[in-house]
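The values are calculated or read from the model by the stated rules, or taken from the named source; none is laboratory data. The structure presented is a predicted model; accordingly, all values stated were derived computationally and were not measured. All Cβ positions, glycine included, derive from the backbone under ideal geometry; neighbour counts span all protein chains shown. Remember, those area values only see protein heavy atoms, side chains included, never the ligands or the DNA or RNA. Shrake-Rupley method; radii C 1.70, N 1.55, O 1.52, S 1.80 Å.
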Amino acid sequence: MKLIALEEHFVTADLVGYGASTASIAQPGAWAEASRRLLDLVDERIPEMDAAGLDMQVLSLNAPGIQAEKDAAVAVAKAVTVNDFLAGVIAEHPERFGGFCALPLQNPAAAADELERAVTQLGMRGALVNAHTHGTYLDDPSIRVVWERAEALDVPLYLHPANGVDTAHVLSGHPELVGPMWSWGVDTATHVLRMIFGGVFDDFPKAKLLLGHMGEGLPFVLWRMDSRWAFHAHHGIELARGVPSAYLRENVWITTSGVCSAPPLMAALLSLGADRILFGTDYPFESMSVATDFLRTAPISEADRAKIAHLNAERLLGLAAS
Ligand code: GRE
Ligand code: ZN
C-alpha cells in the first residue's frame, strides 16, 4: 500500500540554533539523536523510509524554525534560503519527497508572497507554521493576508506546536509537562479555537488547516463544544456557521502524526470521517516503521486505510496519484 507522510521534520545547519530552547524538553541523548537525524535529508532517511515501506515524506522545517528569528528581514531572507534548499532536495528525489514551505510571519505581507513563490515556483504543497510568531497567532488581523493568499492558491497551512510565549500558571512547578508531553497539544488546540472564534474561516471559508497528532484532541470534543456554545456567554462573538464543530468538519484536516494507537484513530474516523485524516509519522521524534506498521494493521476498513495512507494526501496536496 502506498504511504505518504505529512509531518516529517528536518533542519539545516544554519537554522539549528533556533531549536535551542526546545532542546531542554528532551532527554539529552534523545535530543542529540533527533538533532542528528533532523540534519540528514537523504543518506539515512531514504533507507529508513524504504525499510518502513514509506513512499513519500512531505518535509517541513522543525519547530520553531525561522519564526523564532527576532529580525523580520533576516527571517524573510532565511525563509527564502531554506525553501530554496528544500526545493533542491525535492528536485533530486521527486518520487520520495514533497515539501511544506517555511513562512516569515514576522512580516505577513512578505510571508504571503513567499507562500506564493514557494507554491507556484518551487512546487511546495502549502506551508507549515510552528505555533505563534513572537506571540502573534494565526487569527491575528495582520495574518489575514496570508490566509487570503493560501485560500487563493488552494493550499493548506499545517499548524505544528512549539513552545509558548510563556508557561500557563497551571503548569508552574511542572516543567515535565511543558512540551509534546502535554502543553503543546493544549496550546495548539487553543490556537485552532482562536482561529475559529476569531473569524478566520468566516472570512476565508475555503481555507484549509492541517493539524498533527490526531487533531490535538479536538475530534474528541466536537459535541461538547457545540453544546456549551449554546449555553455560554458569547462576549460579542458570533460564528457565521452557528457551531464550532462546523469549522472543524469543513476547514480542518488532521494527520495521525505521533499517535500510533487505534482508539484515537477510530474516534477521529467516527468524529471527522475518513476523508479528513491523513498519515504522518512525526519523524525523527517517532519511528517511521512503528507508524507505518500501525497504519497497515489498524482495525479499519481497507477503503479508509487507503484514504488515510495516500488518497487524501494526493487530493489535498495535489500530488499526482499513482
Ligand atoms: C514534534 O515535532 O513532535 C517534536 C519536536 C521537538 C521535540 C519533540 C517533539 O518538534 O515531539
Ligand atoms: Zn512534529
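Assorted remarks:
- The stretch 127-139 residues that are of a type in the set (D, E, K, R), paired with ones that are open to solvent by 10 Å² or more (accessible area, probe 1.4 Å) and not in a loop (DSSP other than H, G, I, E, B) (beta carbon under 7 Å, 6 or more apart): D139/R194
- Odd one out for A207 among (1) farther than 20 Å from A152 by Cα; (2) away from ligand 1 (no atom under 16 Å from the Cβ): (1)
- Of the helices (runs of 4 or more DSSP H) lying entirely inside the stretch 239-322, those containing at least 1 residues that are touching a residue at least 60 places away in the same chain (Cβ under 8 Å), farther than 19 Å from F97 by Cβ and open to solvent by 30 Å² or more (accessible area, probe 1.4 Å) are 288-297.
- L3 being within 28 Å of K70 (Cβ to Cβ) and not small (G, A, S): no
- Cross-chain or 6+ apart pairs with Cβ under 9 Å, the stretch 51-79 first and without any contact (Cβ under 8 Å) to a residue 40 or more places away in the chain, then buried (at least 24 other Cβ atoms within 10 Å of the Cβ) and of a type in the set (S, T, Y): A75/T133
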